[in-house]
1. Of everything in segment 304-332, what is more than 23 Å from LEU243 (Cα to Cα) and of a type in the set (Val, Ile, Thr)? Give them in sequence order.
2. Could you please give the count of residues in segment 22-51 that are under 30 Å from TYR99 (Cα atoms) and open to solvent by 60 Å² or more (accessible area, probe 1.4 Å)?
3. Grab the helices (runs of 4 or more DSSP H) fully contained in segment 1-93, keeping just those with 1 or more residues being out of contact with any Gly (no Cβ under 9 Å at 6 or more places or on another chain) and free of Cβ contacts under 8 Å to residues at least 12 places away in the same chain.
4. Can you tell me which residue in segment 116-126 is least open to solvent (accessible area, probe 1.4 Å), limited to those that are among the hydrophobic types (A, V, I, L, M, F, W, C) and without any contact (Cβ under 8 Å) to a residue 60 or more places away in the chain?
5. What is the number of the single condition among (1) at pLDDT 90 or above; (2) over 18 Å from ASN268 (Cβ atoms); (3) not in a loop (DSSP other than H, G, I, E, B) that ASN214 does not meet?
6. Select from segment 229-248 the residues that are open to solvent by 70 Å² or more (accessible area, probe 1.4 Å), out of contact with any Phe, Trp or Tyr (no Cβ under 8 Å at 6 or more places or on another chain) and not polar (S, T, N, Q) and write down the one among them that is modelled with the lowest pLDDT.
7. Restricting the first residue to segment 275-297 and requiring it to be assigned by the TED database to the domain that holds LEU317, which pairs with a second residue that is assigned to a helix (DSSP H, G or I) and basic (Lys, Arg) meet a Cβ separation below 7 Å and a spacing of at least six or different chains?
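The values are calculated or read from the model by the stated rules, or taken from the named source; none is laboratory data. Because the structure is predicted, anything quoted here is derived from the model rather than measured. Positions of Cβ are backbone-derived with ideal geometry, glycine not excepted, and every protein chain shown enters the neighbour counts. For accessibility, only protein heavy atoms count, side chains too; no ligands or nucleic acids. Shrake-Rupley method; radii C 1.70, N 1.55, O 1.52, S 1.80 Å.
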Amino acid sequence: MRQDSTKAIVESGLMSALAVILVLMGWYLPVVGALISLIAPLPFLVVSAKHGLRYGAITVAVSALISYFLTGDPLIIVSVVLSLGSIGLALGWAVSHGYSAERTLLLGAAVFVIVTTLILYGSQLILHQNILKEMADVMRQSASMLESRFAGTGTATGGMTATTATTATGATSTATSSLKGIAESYKQYADTLESGLMTPALILLGSVLLAFYNYIILKPFAQRLGVALPNLPTMQEIRLPALGVWFIPAALLLMVIKSSYTAFLGFNLYVIGLYYLIFCGMFYLCRILLGEKDNKFVKALFIIGLVFPYFPQVYFLFGIYDCIMRLLRREG
């Protein structure tokens with residue numbers, strides 16, 4: 001028993017040192033730091049999976065205190081304890097209890113929802129810092145950069161034939177109008193984001209994505225340290241419940257009711273339902289195009305398609321079709 005305790009303490013100390021290194025790298029390195037932050041929960045996951053939540057919590061506390069003494073910034077304690085420690089402990093606890101990959105992801109997403117809510121509203125109440133407004137300002141700056149990129153584009157055509165000049169001018173005009181459209185959508189999205197109208201939906205969707213990214217990034221590292229996270233199902237195997245097709249009709253019904261509360265609830269449910277059907281359609285297309293084959297390149301193209309114009313609309317339509325057909329066949 002004492003030997004087990006000694007082993008747990010030693011491993012907790014080593015993982016605390018690793019956590020501090022990862023936290024400081026994530027804190028001080030721009031751009032790369034965001035990627036490192038996805039790996040930073042690893043030490044807490046390993047300790048809690050092997051030795052339980054008690055030693056996992058001790059590792060989080062020690063890492064947070066050491067990080068604070070090295071940086072002098074109290075916000076780093078919040079970052080370690082809430083953002084990194086909580087997800088690491090949750091995933092480790094799920095692994096130690098033999099949870100499936102799906103249940104582990106759901107637990108991770110639920111933890112991210114709680115943590116994100118605390119950070120967003122806690123920073124506003126305690127620090128008087130509006131994170132949503134700051135994010136909206138960043139989007140507006142991006143929109144301004146897009147607009148200014150082609151603002152000075154001239155129509156000089158010296159040295160060109162009339163036909164070439166006309167073609168070049170037309171191409172430039174098309175590119176400029178496309179960029180203006182993107183910039184305008186950025187501004188509209190920034191206004192909606194700052195208003196807080198989409199906050200619950202964004203928290204939920206963002207939490208699911210963060211839990212997924214954390215899971216797939218941490219899995220190979222955790223395996224090297226002796227903790228085996230269960231394998232996720234392939235994209236062809238994922239079938240979201242078909243009843244989710246009713247999210248959008250329910251949302252529209254709520255928005256019809258003349259109440260600010262139901263309109264707010266309906267709008268967020270609409271956004272959630274929209275993305276729900278987009279992912280349903282993506283998984284359905286992957287299922288019918290790949291079948292039993294495992295083509296990582298094609299799967300990557302499906303995922304990349306989420307950020308390109310028209311692809312999400314196609315996924316959405318196929319998502320509706322898939323859900324309705326499964327409901328008619330009573331497959332759920």
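1. Within segment 304-332, ILE304, VAL307 meet the criteria.
2. Residues meeting the conditions: 3.
3. Here the list reads 2-28, 53-71, 75-78.
4. Quick first cut of segment 116-126, residues among the hydrophobic types (A, V, I, L, M, F, W, C) only: 118-120, 125-126.
So of that shortlist, the ones also without any contact (Cβ under 8 Å) to a residue 60 or more places away in the chain come out as 118-119, 125-126.
Working: LEU118: 95, ILE119: 60, LEU125: 138, ILE126: 132 Å².
This residue is ILE119.
5. Going through the list (1) at pLDDT 90 or above; (2) over 18 Å from ASN268 (Cβ atoms); (3) not in a loop (DSSP other than H, G, I, E, B), ASN214 breaks only (1).
6. For segment 229-248, the residue satisfying everything is GLU237.
7. CYS286/LYS299
Rundown of residues vs (1) among the β-branched types (Val, Ile, Thr); (2) surrounded by fewer than 20 Cβ atoms within 10 Å (Cβ to Cβ), yes/no style:
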site: LEU53; (1), (2): no, yes
site: GLY56; (1), (2): no, no
site: THR59; (1), (2): yes, no
site: TYR68; (1), (2): no, yes
site: ILE77; (1), (2): yes, yes
site: SER86; (1), (2): no, no
site: GLY108; (1), (2): no, no
site: HIS128; (1), (2): no, yes
site: GLN141; (1), (2): no, yes
